[in-house]
1. Given only helices, namely DSSP H runs of n ≥ 4 each adding -39500 (n - 2.57), what is the per-residue ellipticity at 222 nm of the chain, to the nearest 500 deg cm²/dmol?
2. Which residues does the label zone of Asp54 cover in the stretch 138-165, counting backbone N under 14 Å from a point 7 Å along Cα→Cβ?
3. How large is the direction-averaged shadow of the alpha-carbon convex hull of the stretch 233-273, in nm²?
4. Relative to the longest principal axis of the chain, what angle (0 to 90°, nearest 10) does the C-alpha long axis of helix 264-275 take?
5. Output the pairs from Lys113/Lys221; Lys321/Lys370; Lys195/Lys329; Lys321/Lys358; Lys128/Lys195; Lys303/Lys358 with a Cα-Cα distance over 24 Å in this structure; if there are none, say none.
6. Looking at [x] 28.5, 95; [y] 23.3, 69; [z] 20.7, 64, which value of Rg and Dmax of the Cα atoms in Å comes from a calculation on the structure shown?
7. Any chance you could check the Cα centroid distance between the stretch 130-185 and the stretch 68-107 for me, in angstrom?
8. When the chain is treated as a GNM, springs tying every alpha-carbon pair under 10 Å, which of Gly335, Gly163, Gly97 comes out with the largest mean-square fluctuation?
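The values are calculated or read from the model by the stated rules, or taken from the named source; none is laboratory data. These numbers come from a predicted model, not from an experiment. Quick reminder, even Gly has a Cβ in these numbers, built from the backbone with ideal geometry, and neighbours come from all protein chains shown. Remember, those area values only see protein heavy atoms, side chains included, never the ligands or the DNA or RNA. Shrake-Rupley method; radii C 1.70, N 1.55, O 1.52, S 1.80 Å.
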Amino acid sequence: PSKCVRPKSKGGSPTGSSRMEHLAQSLSLVACKSFGGERNDQIRSNILQNLTADVELLWPDLDSRVKGSQNVRAFMLNFFDSVPDLQMSVNTITEDGSTHGMLEYTISGTASKFAMPMFPVGKWVQWKCMSRYEFDHSSKVRVHQARLGFVPGAPVTSANFEGLSHCASMLAATQGGSRLLQEAIEMDGADDMCKAMLTETMRGNVWEMSLSPHGNHVVQKLIVNLFPQQVQFVVDAFRGRVVEAAQNQMQSRVLERLLEYCAPSQTAVLADEALRQAPMLLRHSFGNFVMQAVLEHGLPEHKTWLVGNICSDVDRLARHKIASNSVRKALTTSGPADQDALIRALKADAQSFASLCKHKTGSFVARELKQLTKKMGQ
């Protein structure tokens, strides 16, 4: 049976007659099926009439908008009717001046038919809902912005992950949705099957997600939190396009995480592609970070090859505003043989090295070299 919970004020006592408290109580009653008949219809009519003609219902995490009182009414009634055992319990009520208010409540139930993506059909699911309202001068709702999240302290079920999987691509494209997916990926209480369900829906969309200013963080979180073999599909998505990705602000970060968290043998194909354009990427504002990741996490042969490439033009690279960072990384992370090669290359011409020590960019490389040679006792 449905359950409607009378909202409580922060002090725990029944609410009074303020606008937000009245709205909270009405929402809880609208979800109730227990009244039935004319009274239930009247309650629904009252709350739905408290909307302006041009009201907007926004789900920013899904980049979704319903506009106009008729459309909003239809959406809300369809949702309420689609979840027969719907329960709503208002937790906090906040008023922000005369035109804004916030409700935070727990919503749960089992959808009997499709109502919205995060309520999978036939599965009981529970979410925290945060609703922000904007009112007009007559206290009618002009904007209702809603976000869903995990209920703090409540167990996370496979139904939560199934709901997320139904709209993972949409969520990944928005700031709030991306954060929700990242939270799901990091959850300790979720088993591997749940996370696998979520990642399965991302196959085929990795390239597009990694281009997104929000989606790239989801892909990075997958790489950091899953086993390397579970993110092979991310490696595969970048094969043949590494140089292009290395020059992109968002995708270069994903490449860095792959090189950092996957086995060098798994990412060798990516490093091979990047090294073919090493002279250009060493000087690129984003590509240089990928080169540094190869120097730190690549196969020994990749590191040695790249150090050799740096040595062949070390004087100019050490003075370059961007490339000098890779020279410094090579000095601090390379093996003894490669470090010796770099030291010899940088000190090959005493006059040039003296000039490097005074250069506004090169001086940082010279300082790194001096610290290294001191540590090595040279």
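1. Only helices count here, giving -16000 deg cm²/dmol.
2. Only 142-143 pass the distance filter.
3. Values: hull surface 9.9 nm².
One quarter of the hull surface, i.e. the mean projection, equals 2.5 nm².
4. 70
5. Lys113/Lys221; Lys195/Lys329; Lys303/Lys358
6. Correct label, based on the coordinates given: [x].
7. 13
8. Of Gly335, Gly163, Gly97, the most mobile in the Gaussian network model is Gly97.
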